[in-house]
1. Any idea how many residues of the stretch 155-170 are of a type in the set (G, A, S) and outside any loop (DSSP other than H, G, I, E, B)?
2. Identify all residues within the stretch 74-106 that are surrounded by 22 or more Cβ atoms within 10 Å (Cβ to Cβ), farther than 23 Å from S177 by Cβ and hydrophobic (A, V, I, L, M, F, W, C); write none if there are none.
3. Based on what the data block shows, is Y76 in contact with a Gly (Cβ under 8 Å, 6 or more places away or on another chain), in contact (Cβ under 8 Å) with a residue 40 or more places away in the chain and not β-branched (V, I, T)?
4. Inside the stretch 116-125, can you point out the residues that are open to solvent by less than 50 Å² (accessible area, probe 1.4 Å) and touching a Pro at 6+ places or on another chain (Cβ under 7 Å)?
5. Got at least one residue in the stretch 65-80 being touching a strand residue (DSSP E or B) at 6+ places or on another chain (Cβ under 9 Å) and either part of a helix (DSSP H, G or I) or assigned by the TED database to the domain that holds R180 (or both)?
6. Which ones in the stretch 171-210 are open to solvent by less than 60 Å² (accessible area, probe 1.4 Å) and outside any helix (DSSP H, G or I)?
7. On the given criteria, is A146 of a type outside the set (F, W, Y), in contact with a Lys or Arg (Cβ under 7 Å, 6 or more places away or on another chain) and open to solvent by less than 30 Å² (accessible area, probe 1.4 Å)?
8. Examine the stretch 107-115 for a residue that is under 20 Å from P175 (Cα atoms), open to solvent by 20 Å² or more (accessible area, probe 1.4 Å) and not assigned by the TED database to the domain that holds Q64, and state whether such a residue exists.
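The values are calculated or read from the model by the stated rules, or taken from the named source; none is laboratory data. Note that the structure is predicted; figures quoted are calculated from it, not measured. Backbone-built Cβ (ideal geometry, glycine too); neighbour counts: all protein chains shown. Side chains included, ligands, DNA and RNA excluded: accessible areas come from the protein's heavy atoms. Shrake-Rupley method; radii C 1.70, N 1.55, O 1.52, S 1.80 Å.
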Amino acid sequence: MTAFDVASHTGPAAWLDSEGYRRGIELAVAHPEVEPDAIASMVALPADATADGCSPATMVAEIQRAARRGWLDVSYDSPAFAGLNKLVAWALSAGGVEADYTPFFEVGHGTDYERLDRAFERIGCGYEPVCGGAPHRVEPREAATALGRVLATLGVPVGDPNTLTTLPAYLSECPDSLRRAFAYTYLNSRDRAATAPAPERNSPAFRRALAAFLTRTVDGTVTILDGAVFVTGIEGRRP
């Protein structure tokens, strides 16, 4: 996942037609500590172009935040991707990414916090309770919207999942260890909810892809019933 992947997935494609914008993204990755305004002054960013409250200059700053955290161009065998992979699974099963790209994660007990601690430690970030939000809901303490853009690029829907939501594409090519970590993170988080996660409820394509994925990945019997995926016969759950 490159900076251009994030920029094109979470910003208007028309921005990428601007040579100045592409150059700005390149400079943001190469010089994550330089002030965004300084980068903006060096290149010709698209004028008066704003999408979802995000200007090209703001996107440059978001890319810098992601680059400083080491969330871009990470290999599958890196600790950072291991953490991102678990957060993608958690957001799909018991969380999400808000319309402003702030991700959130629901937790239910001490073991959940331990699992979430490990995932956030791997991406070099902390988390905190959502102020005034639902109980046992947390969000990143810093670089929240940058992380949300990364998670969205990896396959988490922004806002409410719909019929187009499907399983993250990288799961078809990543190592088996990441597939298993995704599967057990998804199942561990999902089991606490009274209803199936929104991606399962809202997207038949997601349900089918998830059922096929879990059949290949975990030792258990996978069935689809009443708009939800059920797994039985698993001997214990991995953290």
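1. Here the count works out to 1.
2. Passing the criteria: only V97.
3. no
4. Initially, the stretch 116-125 is screened for residues open to solvent by less than 50 Å² (accessible area, probe 1.4 Å), giving 116, 119-120, 123-125.
The answer is C125, and nothing else.
5. From the stretch 65-80, those touching a strand residue (DSSP E or B) at 6+ places or on another chain (Cβ under 9 Å) are none; that's our starting set.
The answer is no, given that none of the residues of the stretch 65-80 is touching a strand residue (DSSP E or B) at 6+ places or on another chain (Cβ under 9 Å) and either part of a helix (DSSP H, G or I) or assigned by the TED database to the domain that holds R180 (or both).
6. C174, P175, A193, A196, P197, S203
7. Yes: the conditions hold for A146.
8. no
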